[in-house]
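Participant: Got a structure here, written out as C-alpha cells. Questions coming.
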Amino acid sequence: MPAPTPDALSTLTDTLADLTEYLRENPDPTEALALIEPLLDEYAGLPVHFADTLRALARTIQEHQTGVGTAHVSLLVAELRTAAWEQSDQHTLHYVWDELRALHKTAESEPECGPCR
C-alpha cells in the first residue's frame, strides 16, 4: 500500500471543514444525517479510525525509540494510547446518534399538523 501523503490528509481535513460549513447553512435534516452517518459509524467511523491511527503511531514511536529520553518517550506513547482509548470510547456519541436517527424517522412518519401542511 502506498503511504498516504500530507497533501492527501490535508484534503481530508478540508473536506471535513467543508462539511462543517455546509451544516452551518441549515440543510435538510435528512441530508445532514445521511452525510454524518458514515463518519459516526460505531465500527468504521472517524472515532474508530482515529483511535486506531493513534495506536499505530504509538507503536511506531515505541518501536523506533532510541536510548535518549526513553522514559519521556514511553510516557508520550502511553499518553497517545490513552488518547486513542478516549477516541474509541465514544459511547455517548453513539447513543446520541442512535436517538437522533430514531427521532428523525419518527418525525418523518408522523403526519404534519394543520398549519404545517
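Participant: Projecting each Cα onto the charge dipole of the chain (Lys/Arg +1, Asp/Glu -1 at the beta carbon, about the Cα centre), which of Thr11, Ala71, Gln90 comes out farthest on the positive side?
Facilitator: Ala71
Participant: Grab the beta carbon distance between Leu57 and Leu93, set R0 = 30 Å, and tell me the FRET efficiency rounded to 0.05.
Facilitator: 0.85
Participant: Residue separation times 0.36 nm, minus the C-alpha to C-alpha distance between Glu21 and Ala3: what's the value?
Facilitator: Full extension of this stretch gives 3.6 nm more.
Participant: Which value in nm describes the separation of the simple spin-label points at Thr106 and Tyr43, placed 7 Å from the Cα toward the beta carbon?
Facilitator: 2.7 nm
Participant: Answer with a single label: of (i) 5.8; (ii) 7.2; (iii) 10.5, which was calculated as mean projected area of the Cα convex hull in nm² from the structure in view?
Facilitator: Step by step, mean projected area of the Cα convex hull in nm² for this structure corresponds to label (iii).
Participant: Which of the helices in the chain meet the span-like rule: DSSP H, Cα axial reach of 18 Å or more, Kyte-Doolittle mean at least 0.0?
Facilitator: Helix filter hits for the chain: 46-63, 70-88.
Participant: Would you work out the relative contact order for the stretch 13-114, in percent, from Cα pairs under 8 angstrom that are 6 or more residues apart?
Facilitator: 28 percent
Every number here is computed from the coordinates shown, using simple stated rules; none is lab data. The structure presented is a predicted model; accordingly, all values stated were derived computationally and were not measured. Every residue, glycine as well, gets a Cβ built from its backbone with ideal geometry; the counts of neighbours run over all protein chains shown.
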